[in-house]
Amino acid sequence: MMQRRLQGRRVVVGISGGIAAYKAIEVVRLLTEAGAEVQVMMTPEATRFVAPLTLEALSYHPVAADWLAPQGAGESHITLAEWADLIAIVPATANSLAKFALGLADEIVSGTVLASRAPLLVAPAMNDLMYTHVKTQDHLKALRARHAAVVEPGTGRLASGKSGVGRLATPERIVAAIEAVLQDRRNLEGLRVVVSAGGTREPVDPVRYVGNFSSGKMGRALAETAAARGADVTLVTTVPTNPEGINEVAVTSATEMLAALKTACSGADILVMAAAVADYAPDKVAAAKLRRTDQPMDLHLRPNVDVLKSLGPHRGLFRVGFAAETEDLRAQAQQKLAEKQLDLMVANQIGVDGQGLASDFNAVTIVSPSGVVAEVPRLPKWEVAGQIWDAIDAVRNRGG
């Protein structure tokens, strides 16, 4: 999935002393697989959880764990600080976060962070009581104010045996955030984003429905990309997957999606309507299962609710629509953009082998009221999602 997107980028991974240190192994592997050059530094406590030799084998570099050890080439923390394009602390314990926030430097990880002017990313992991403590939150607030990227922990089973917030973010989520920072795309910090995904299912009876071929992959890619870029994301979807770091709301029909979106859009900054809402719904829904017979069944359909039109313009809400078309792509997109008073319309051509509905690939035309913003060729949906967010950023902030 990562391909070689981080080719040539230099990442220093700092590991502090917590049980989640073992998960840093996978982060290092994913980074090197993506083409990044990685050097690892460890606090003395971290080496008691994970052997430095393991990280050395994965990073192809010696591991720095003792800043007082003679190196023969100056101070190791200064060398690392100057070498790094980015420093990622995985995991960041409460103690490490306190040292970074206060500017303490008593071992190689905190010393390197203090000496470096490279972007800093921290992935906290600790007991829920430690994470929610006012001091830890104060230190995170101070680090954010200095433009550090914070990859919020998930909720799950902790080392104490109980479940709570403080579980280290998944390696994939950490690496996605690292990529966003390195590409100068951590530009959704502090924004609330709502994304819809999947095809709605309009019930015929308790076991049958009218729907479409949408898989929800495009919407999910858009939600995950927004989260990696720092947004607070709500995903309203008919294809729930319980993604970490995203507030997911599961719905089935268009009316359920509309109700969920009305709630989610209250106070939101951006709405991306990637869901494929069924255009028609059964006029009547049978209370019991319709029995099979040898006779044809007439199914009467009525026009379904237009979710995006029903939501209408909201002050301060940047609205993006999607249109799946088989012909006249640009003209249809411009027409729907005007009809629904949108800020952007993303149109993709369906009926083309290997892209669009249910595929892992897509190709889109992005239009604004002033014309075509971007033509995105056939690419994996996660790459298309990145280019859509680039277009949203351009139009929203620079009127492009």
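Of the listed pairs 289/309; 162/217; 217/289; 217/262, which have alpha-carbon separations greater than 29 Å here? Over 29 Å Cα-Cα: 289/309; 162/217; 217/289. Nearest 500 deg cm²/dmol is fine: what mean residue ellipticity at 222 nm does the chain get from its DSSP H runs of n ≥ 4 alone, each adding -39,500 (n - 2.57), divided by its residue count? Computed mean residue ellipticity for the chain: -9500 deg cm²/dmol. Taken as Cα centroids, the stretch 209-246 and the stretch 43-104 sit 36 Å apart, rounded to the nearest whole angstrom.
For residue 191, the residues 5 or more places off, or on other chains, whose built amide H falls under 5 Å of its own are 232. Expressed as a fraction of 2.2 N^0.38 Å, the C-alpha radius of gyration for the stretch 207-316 is 1.27.
In sequence order, the stretch 277-294 has phi-based couplings of 7, 4, 6, 10, 9, x, 5, 10, 10, 5, 6, 10, 4, 6, 7, 5, 9, 8 Hz under the Karplus curve 6.51 cos²θ - 1.76 cosθ + 1.60, θ = phi - 60°, and Gly or Pro positions carry x.
Kirkwood analysis of the stretch 26-106, using all unique Cα-Cα pairs, places the hydrodynamic radius at 13.7 Å.
The calculated FRET efficiency for residue 370 paired with residue 266, based on their beta-carbon distance and R0 = 25 Å, is about 0.30. If only the Cβ of Lys and Arg carry +1 and only the Cβ of Asp and Glu carry -1, the dipole of the chain around its Cα centre is close to 720 debye.
Inter-label distance, residue 61 to residue 289: 6.1 nm, where each label sits 7 Å from its Cα along the C-beta direction. Along the stretch 137-148 the Karplus relation, 6.51 cos²θ - 1.76 cosθ + 1.60 evaluated at θ = phi - 60°, assigns HN-Hα couplings of 5, 4, 5, 5, 4, 5, 5, 4, 4, 9, 6, 6 Hz to successive residues, with x for each Gly and Pro.
To the nearest ten degrees, helix 24-33 and the longest principal axis of the Cα atoms of the chain are 70 degrees apart.
Solvent-free Debye calculation, one equal scatterer per alpha-carbon of the stretch 192-398: log10 I(q)/I(0) at 0.08, 0.15, 0.17 Å⁻¹ equals -0.27, -0.92, -1.16. 3J(HN,Hα) couplings calculated from phi for the stretch 257-270 with the Karplus curve 6.51 cos²θ - 1.76 cosθ + 1.60 (θ = phi - 60°) are, in sequence order, 5, 4, 4, 5, 5, 4, 5, 5, 7, 5, x, 7, 9, 9 Hz; Gly and Pro show x. Remark on the chain: ratio of C-alpha radius of gyration to 2.2 N^0.38 Å is 1.13. Against the main long axis of the alpha-carbon atoms of the chain, helix 171-182 sits at an angle near 80°. Applying 1/(1 + (r/R0)^6) with R0 = 51 Å to the Cβ-Cβ distance of residue 279 and residue 83 gives a FRET efficiency near 0.35.
Each of the trypsin sites (Lys or Arg not before Pro) that DSSP puts in a loop and that has at most 13 other Cβ atoms within 10 Å breaks the chain; the longest unbroken stretch is 163-283. Scanning the chain for chymotrypsin sites (Phe, Trp or Tyr not before Pro) that sit in a DSSP loop and have at most 14 other Cβ atoms within 10 Å, the longest stretch containing none of them is 214-400.
Normalised by residue count, the stretch 48-189 yields a Cα convex hull volume of 126 Å³ per residue.
Calculate the length of the line joining the C-alpha centroid of the stretch 247-299 to that of the stretch 117-168, in whole Å. Cα centres, the stretch 247-299 to the stretch 117-168: 37 Å.
Can you tell me the FRET efficiency between residue 22 and residue 360 if r is taken as the Cβ-Cβ distance and R0 is 30 Å, rounded to the nearest 0.05? For R0 = 30 Å, the calculated efficiency reads 0.45.
Only the coordinates and a few stated rules stand behind these numbers; no lab work does. Just so you know, these numbers come straight off a predicted model, no measurement behind them. Methodologically, a virtual Cβ is constructed for each residue, glycine included, from the backbone with ideal geometry; neighbour enumeration extends over all protein chains shown.
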